[in-house]
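Following: one structure in structure tokens, then a few remarks.
The values are calculated or read from the model by the stated rules, or taken from the named source; none is laboratory data. It should be emphasised that the depicted structure is a prediction, and the values quoted were computed from it without experimental measurement. With ideal geometry, Cβ positions are generated from the backbone for all residues, glycine too; neighbour counts draw on all protein chains shown. Areas reflect the complete protein model, heavy atoms only, side chains present, ligands, DNA and RNA absent. Shrake-Rupley method; radii C 1.70, N 1.55, O 1.52, S 1.80 Å.
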Amino acid sequence: MQVSDMMIWVVILVLGIGTYLIRWSFLGALGDRDMPGWFMRMLRYTPVAVLPALVAPLVVWPAATGGEPDPARMAAAAVTVAVGVLTRNVTLAILAGGVTLAGLLYML
């Protein structure tokens, strides 16, 4: 099926409008109202849920290895989680994971 330039622009425009309306529903329509406590508690966990969802596929099926699991990336992820849980320091956890990944990629 051949996709025309017009179809691509229509899809981009519709997705842009949809994204705007989703954001406006929270900021424009509900921005000046108090949210229920249960909703605010759930909203606080959104970054904690989204970040692992973005990172996990890159660790388990990295493009650099053709989608095959890699011991260096698995170990770096484990070190990052362990340091983060033990120290509660995000910067230290990221540095520890980065050093682990670089070191293991160099050695392996």
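Distance between the modelled labels on Y20 and L92, one decimal in nanometres: 4.6 nm (7 Å Cα→Cβ projection). Subtracting the Cα-Cα distance of T65 and D34 from 0.36 nm times their residue separation leaves 6.4 nm of extension gain.
Normalised by the number of residues in the chain, the mean separation of alpha-carbon contacts (under 8 Å, six or more apart) gives a relative contact order of 14 percent.
For the peptides 25-38, 90-103, residues were scored by their other Cβ atoms within 10 Å and the scores averaged per peptide; the highest-first order is 90-103, 25-38. The residues of the chain have, on average, 83 Å² of accessible surface per residue, using a 1.4 Å probe with all protein chains present. The charge dipole of the chain, taken about its Cα centre with unit charges on the Cβ of Lys, Arg, Asp and Glu (plus for the first two, minus for the last two), comes to roughly 360 debye. Taking all C-alpha pairs of the chain, those more than 26 Å from each other amount to 50 percent. Highest average first, the peptides 10-19, 69-78 ordered by how many other beta carbon atoms sit within 10 Å of their residues are 69-78, 10-19.
Taking 0.36 nm per intervening residue step and subtracting the Cα-Cα distance, what contour gain separates V3 from A82 on full extension? Let's see the in-between values first.
On the way: separation 79, 0.36 × 79 = 28.44 nm, distance 4.76 nm.
Here the segment from V3 to A82 would lengthen by 23.7 nm.
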